[in-house]
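A short write-up of the structure that comes next.
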Amino acid sequence: MPPIKLAIIGAGPSSFYVASRLLASLPPSSPHHSALRIHMYDRLWAPHGLVRYGVAPDHPEVKNCTHKFDDAASDLRLQFFGNVNIITTPPIAPVPGSVMLPLKSLISHYTHLLLSSGCTLPTLHPALPPSDDCVSALSLVHWYTQHPSVVHKPPPPLEKYKHVSIIGQGNVSLDVARMLLTPPSTLEKYDVPESVLEVLRRSSIKHVSILGRRGPLQAAFTTKELREMMNLEDSSMVPIDHTHLAIPEGTKLTRQQSRTMQLLQKGSKNKPGLDFQDLVVGLLRSPTGLAPPLSSLASPSLPYTLSLAHNELSPEMRAIPTGETSTLRTSMVVTALGHQAEPTIPWYDPSLRHVRAVGSRVVNETGHTMKNVYASGWAAMGARGVLVSTMIDAYGVADTMLADSFPEQFYKEGDALRSATDGGSLGDLSEVMAKEADLDSVPEEVLDAKATGNVTDYNDWRMIDQEEVRRGEKLGKERERMNWEDAKAFLGRMGGSL
Amino acid sequence: MLSPAVDSIRRRSIHLTAACQHGDITRPAPGTGIKLHFKDSKGNLIKTVEANEGDDVLSIAHEHDIDLEGACEGSVACSTCHVILDPNSYDLLPEPEDDENDMLDMAFGLTDTSRLGCQVQLTRELDGMTATLPSATRNMFVDGKKPTHH
């Protein structure tokens, strides 16, 4: 069988779990051991995707998964190319400093392709167009993780905010709430950049409202994140209206739902009142508009009026407006309504808002399966699930790829697409990838950019990783992050050459 | 009411030490350790191993090359080391703490006798325990979304 020369677009957890599974499935004892090369491309200079630029700083344990990624990268069959943006058309949100590589140039060097570039754009709310004081949760996450796309953007002016309204009730919304309400003295031991801590220390935020259009049983956050919010040291939750916590008759709760309900009923560890910052979980509320700031008000720290429609749940658990409305005075609105893939990525489906894939395999707009083209993670599934779901999905994708490439060794039971056709073939496949490829060739554009010092490899990352930890130790914290300018200087690549 | 809290702190600190040393546990002399059977999701025996009192199931699995993930390395921040225990052994264990339950909420194929491998420490009375690995791959050909045609 011909070898697998795989290009992976994206170097986040899904990419690394797929790579790790492929490498482990073809150990030195396998006849196909040397018939595998993986080149992983990321538009950012640092690998690990959302593990570096998404996981909340106060969840350092989650980042332990990178040890497994480091192990995978120590296999000589895997190479990482950071700062390379694979494009079909110019991206909507280009990353400064990233090298543009047309997909066409890439695929002529590879027999296999994996799209694993995640969901990198925030889903916006139609009634809340972005402005200086109405931002996506992602932009705040990018700020506190120092994502390359925000390096030259000003930080949020937390010193002038008193009340923040967060729209959406998933884990990202709770992450943002936690970052805004946790005392900086608690956060400073974690991987929070000094520049971010400075802004947090100046914050005037006293109230945070987390608003969702449906009830507690439909909220997307997980119990751990909710429990952390209930245990915040300097905040208390305003008790939730009991009518909103009533469980409709005949509803059978899942384990997670009943534990969520217990937590919400019990309330926060700190009881409301005293000097705590307060937190409101607003259920069955949909924003309908944000009135422009009024400067003449008595309270200049709360310039905005957020209009809310009140909802009830239909028997199908949809949010139906009751006709009642209310308003909320606020200083800043943060929308945390989920994420979607870049529409410019190949085989993007606008109705799904991610890549069109069936059972790991990418499908084109006419319904044909693309030969040797796969998708994994959020790029394939949409933005949902925690690390374990990403890992399980990735292992399934790797297993499918192995079964397609080396069927005699990796036949996969229950593959409906195969069993639906005679002889287990995949039927009418569209071919885009190279039939053969030099196992070690790399597109010239990438080599050229690497020669000028603009493309990183995994050894660069290991050095930067160690240095960040070393700089962090000096400050008594987990690590102090570098941006690309710092990293280039550290690697001795000032002036764009080695 | 002090003792359960103290016990929980003690359990946690032991476990944190273990977390730093995954794969570093020592094997008992053959025939002297606590027996533990690992089975795959179909119930087939993978391996029977011996371990020492206090060793946790995740570390034991890694020591013996059993395919049990531990993405957060035993810090109760993921559910990748989910195992299903035999009911008798499950009943002998102290109840899971809130943080473990929070992670079990997200485990795939959760059962009434599910635990996180990193939180199960062996005692003499657990000799002969069976830990079954849940099915690691979702059947994506059934779950997979149908493509939309344009």
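The values are calculated or read from the model by the stated rules, or taken from the named source; none is laboratory data. A quick note: this is a predicted structure, and the numbers were derived from the prediction, not measured. Neighbour counts are summed over all protein chains in view; Cβ atoms, including those assigned to glycine, are modelled from backbone coordinates with ideal geometry.
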### Summary
Of the residues in the range A:379-396 that are among the small types (Gly, Ala, Ser) and either surrounded by 24 or more Cβ atoms within 10 Å (Cβ to Cβ) or over 14 Å from the mean Cα position of the chain (by Cα) (or both), the one that is farthest from A:Gly170 (Cα to Cα) is A:Gly396
#### Entry: Of the criteria (1) surrounded by fewer than 19 Cβ atoms within 10 Å (Cβ to Cβ); (2) at pLDDT below 95, which one A:Leu101 fails
(1)
### Task
Would you point out which residue out of A:Glu478, A:Glu445 is within 24 Å of the chain's Cα centre (by Cα) and not polar (S, T, N, Q)?
A:Glu478
### Message
All but one of (1) without any contact (Cβ under 8 Å) to a residue 40 or more places away in the chain; (2) under 24 Å from the mean Cα position of the chain (by Cα) hold for A:His242; state the number of the condition that does not hold.
### Response
(2)
### Query
Which residue pairs have Cβ atoms closer than 8 Å, lie 6 or more positions apart in sequence or on different chains, and pair a first residue in the range A:89-104 that is closer than 20 Å to A:Lys450 by Cβ with a second residue that is charged (D, E, K, R)?
A:Val95/A:Arg43; A:Ser98/A:Arg43; A:Val99/A:Glu445; A:Leu101/A:Glu445
### Message
Against the conditions (1) under 31 Å from the mean Cα position of the chain (by Cα); (2) assigned to a helix (DSSP H, G or I); (3) exposed (fewer than 15 other Cβ atoms within 10 Å of the Cβ), where does A:Thr260 fall short? Just the number, please.
### Response
(3)
### Query
In the list A:Leu232, A:Leu253, A:Leu313, which residue meets the criterion of being in the same structural domain as A:Ser203 (by TED's automatic domain parsing), at pLDDT 90 or above and more than 17 Å from A:Pro216 (Cβ to Cβ)?
A:Leu232
### Query
Of all helices (runs of 4 or more DSSP H) completely enclosed by the range A:65-159, which ones contain at least 1 residues that are out of contact with any helix residue (DSSP H, G or I) (no Cβ under 8 Å at 6 or more places or on another chain)?
A:66-73, A:103-107
### Query
Which one of these does A:Asn454 not meet: (1) of a type outside the set (D, E, K, R); (2) modelled with pLDDT of 95 or more; (3) surrounded by 17 or more Cβ atoms within 10 Å (Cβ to Cβ)?
(2)
### Task
Please note which helices (runs of 4 or more DSSP H) are completely contained in the range A:317-413 and include at least 2 residues that are within 14 Å of chain B (Cβ to nearest Cβ), polar (S, T, N, Q) and closer than 21 Å to A:Ser116 by Cβ.
A:387-405
### Task
Note down all Cβ pairs under 7 Å where the first residue falls in the range A:382-397 and is closer than 20 Å to A:Ser25 by Cβ, the second is at pLDDT 95 or above and surrounded by fewer than 23 Cβ atoms within 10 Å (Cβ to Cβ), and they're at least six residues apart or on different chains.
A:Ala394/A:Arg21; A:Tyr395/A:Arg21
### Query
Are any residues in the range A:457-498 crowded, with 19+ Cβ neighbours inside 10 Å, among the hydrophobic types (A, V, I, L, M, F, W, C), in contact with a helix residue (DSSP H, G or I) (Cβ under 7 Å, 6 or more places away or on another chain) and assigned to a helix (DSSP H, G or I), and if so, which ones?
A:Ile464, A:Trp484, A:Ala487
